[in-house]
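K.L.:
Here's a structure for you.
The values are calculated or read from the model by the stated rules, or taken from the named source; none is laboratory data. Everything quoted here is computed from the prediction, not taken from an experiment. As a convention, Cβ positions derive from the backbone with ideal geometry for all residues, glycine included, and neighbour counts pool all protein chains shown. Note: areas computed on protein heavy atoms with side chains; ligands, DNA, RNA excluded. Shrake-Rupley method; radii C 1.70, N 1.55, O 1.52, S 1.80 Å.
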Amino acid sequence: MTPSPDEQAARSSAERSALLEHAVGESITVGNEFAEVRVTRVDTRNGSRLLIESQRSGQWVALCPLEAEALTWQGTATFSAMIGHPFGSLVGDQPAESAPESW
């Protein structure tokens, strides 16, 4: 059975809170006239992650070092496609929510 949007939101909020309990150092906020994000290093039992949160939308993602590095492999067309298709996946029918973290 697929969880309701409220159940998904509650699960996402709980996952984010659990990650923030393991924050390392100070968060940094980066913004301009179009967006603002807060970046926090969090430690998990699987290693460090970058927790990137959109202050405006409430969306977040926790990237492992390989996922963060993969961003450097992308060209401007990839980022333009991501911006042109907000809150959705660029591949397949994957949900736009963050993947659950293994604790």
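K.L.:
In vacuum, with every alpha carbon of the chain counted as one equal point scatterer, what does the Debye formula give for log10 I(q)/I(0) at q = 0.12, 0.17 Å⁻¹? Two decimals, please.
P.N.:
-0.45, -0.93
K.L.:
Still on this structure, I have one more. Nothing charged except the Cβ atoms of Lys and Arg (+1) and of Asp and Glu (-1): what's the magnitude of the dipole of the chain about its Cα centre? Round to the nearest 20 debye. Please list the in-between numbers first.
P.N.:
Working: 7 positive and 14 negative charges, 23 e Å.
The calculation lands at about 120 debye.
K.L.:
Also, I was wondering about something else. Take the alpha-carbon centre of the stretch 53-70, take the same for the stretch 24-49, and report the distance between them in whole Å.
P.N.:
With the stretch 53-70 and the stretch 24-49 each reduced to a Cα centre, they are spaced 8 Å.
K.L.:
If you take the beta carbon distance between Glu69 and Ser12 as r and set R0 to 25 Å, what does 1/(1 + (r/R0)^6) give as a FRET efficiency, to the nearest 0.05?
P.N.:
Details: r = 25 Å, r/R0 = 0.98.
E between Glu69 and Ser12, to the nearest 0.05, is 0.50.
K.L.:
Let's test this: bin the Cα-Cα distances of the stretch 31-90 at 10 Å from zero up to the farthest pair and state each bin's percent.
P.N.:
Here the calculated profile for the stretch 31-90 is 19, 49, 30, 3.
K.L.:
Run the simple label-point estimate for Leu50 and Arg38 please: 7 Å along Cα→C-beta, distance reported in nm.
P.N.:
Those two pseudo-labels are separated by 1.8 nm.
K.L.:
Note down the nm distance, to one decimal, between modelled labels 7 Å out along Cα→Cβ at Leu90 and at Val61.
P.N.:
Result for the modelled spin labels: 0.9 nm.
K.L.:
State the extension gain, in nm to one decimal, for the chain segment bounded by Val24 and Ala77, taking 0.36 nm per residue of separation less the distance between their alpha-carbons.
P.N.:
Values: separation 53, 0.36 × 53 = 19.08 nm, distance 3.31 nm.
Additional length available on full extension: 15.8 nm.
K.L.:
How large, in percent, is the carbon and sulfur part of the accessible surface of the chain at a probe radius of 1.4 Å?
P.N.:
Details: 4230 of 7470 Å².
Here carbon and sulfur together make up 57 percent of the probe-accessible area.
K.L.:
Just to confirm, what accessible area per residue do you get for the chain at 1.4 Å probe, in whole Å²?
P.N.:
Details: 7470 Å² over 103 residues.
With the other protein chains kept in place, the chain gives 73 Å² per residue.
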